[in-house]
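Encoded as structure tokens, the structure appears first; notes follow it.
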Amino acid sequence: HNHHNHHNHHNHHSHRSHHSNQSHRSHHGSLFHWGKHGHHHQHHNRHHHHRHHFLPWDVMNMINSAPIEVVTASRLKTQNKPPKRDLIIVGGGAAPQLTGVTVKIPLPGLRCGDVTYYEIEVHPVDGGVPWRVARRYRHFAALAAEKGVRSSVPLPPKLWTRKANEDPNNLEERRRGLELWLQGALQLTPPEAIAKFLLLGRCGLAPETPLAPSAPEHEELVYLVEVAVPPGMGPDDLLKVKVPGNEVITISIPWGLVPGTPLKLWWDPMNNSLSVHQHQDWQALRK
């Protein structure tokens, strides 16, 4: 079931309309639609993790770091503007708060070629918009090895063979183990030590139902823009986006984007921020 399913996630909504039965729907927002060709995770492995060891909000660290590519955003016309409270900031504005967030790993790891990814859901304590990131086991191991990171339970052991990695029982056990480890780490570790792990590449949770046209009482001052992601760049990477008016906002590229397609973002000139919508149906923002 998963095997067929994860190829087509976050595809075009015409795809969704063909498969609106519940079993497909409940799983529809997976981030791993590139597994079919394996072309994404290959380049993704080659250049990471993380090419830039900081977040879009760490301005001081950027000054001495490797240069970040700059792309220019173009404005798109759209009838519906989402309320700002439904947006997930991926760059600019104020750094997101992580104090008191809760995490879960709802599904066993998903295989992309010979790599397994885990989707982590992050829920803010204040009832704000939840988000997701995707991480490999080695990213958990790297986090566990960092100074100041502690958990109340041990990290599950590495699975050494392909066979072990493909055994569904092992994947479920590891999912639970990684979830418990991360929940424990959030209790005992300062939030800033886990910030990159929980924020780089963040995107929305899967929409359970198609996004209804929004009708905010007042016009929300956000604008839909689109950027071309440079070849060889993928989720978690930092990118500088020149918005209309020539301000430059550094973002981390969100997960869930089909490689080679433009990235659509909501620009908030008042906050000077760029966001994705919590129910962003990639490539199919409804007009």
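What follows draws every value from the coordinates through simple rules; no lab data is involved. Just so we're clear, the structure is a prediction, and the values are computed from it rather than from any experiment. Because the Cβ atoms are built from the backbone with ideal geometry, glycine has one as well, and the counts that use them run over all protein chains shown.
Kirkwood Rh over Cα pairs of region 90-179 into Stokes-Einstein at 25 °C, 0.890 mPa s: D in µm²/s? Could you put the intermediate results ahead of the total?
Values: Rh = 14.6 Å.
This corresponds to a translational diffusion coefficient of 168 µm²/s.
Using modelled backbone amide H atoms (1.01 Å from N, in-plane), which distant-in-sequence or interchain residues come within less than 5 Å of TRP57's amide H?
Amide H neighbours of TRP57, under 5 Å, 5+ apart: none.
Using a cut-off of 14 Å between beta-carbons, work out the net charge of the residues near VAL241 (Lys and Arg +1, Asp and Glu -1, VAL241 not included).
Numbers: positive: ARG75, LYS240, LYS242, LYS264; negative: GLU69, GLU226, ASP237, GLU247, ASP268.
Residues close to VAL241 contribute a combined charge of -1.
Mind ranking 140-149, 192-201 by how tightly packed they are, going by the mean number of other C-beta atoms within 10 angstrom, highest first? Spell out each step's value before the answer.
Numbers: 140-149: 13.8, 192-201: 19.9.
Highest-to-lowest ranking by the protection proxy: 192-201, 140-149.
Counting Lys and Arg as +1 and Asp and Glu as -1, what is the net charge of the other residues whose Cβ lies under 15 Å from the Cβ of TYR137? Don't skip to the answer; put the middle values down first.
Details: positive: ARG111, ARG135, ARG136, ARG138, LYS158, ARG162, ARG174, ARG175, ARG176; negative: ASP114, GLU119, GLU166, ASP167, GLU172, GLU173, GLU179.
Spelling it out: positives minus negatives among the neighbours equals +2.
Once you've got the Cα coordinates, tell me which of LYS147/LYS264; LYS104/LYS147; LYS77/LYS242; LYS163/LYS264 are over 28 Å apart. All intermediate terms of the calculation are to be shown ahead of the outcome.
Numbers: LYS147/LYS264 36 Å; LYS104/LYS147 23 Å; LYS77/LYS242 18 Å; LYS163/LYS264 39 Å.
The answer is LYS147/LYS264; LYS163/LYS264.
All other residues with a Cβ under 14 Å from the Cβ of LEU107 taken together, and with Lys, Arg as +1 and Asp, Glu as -1, what is their net charge?
Value of the local net charge: +2.
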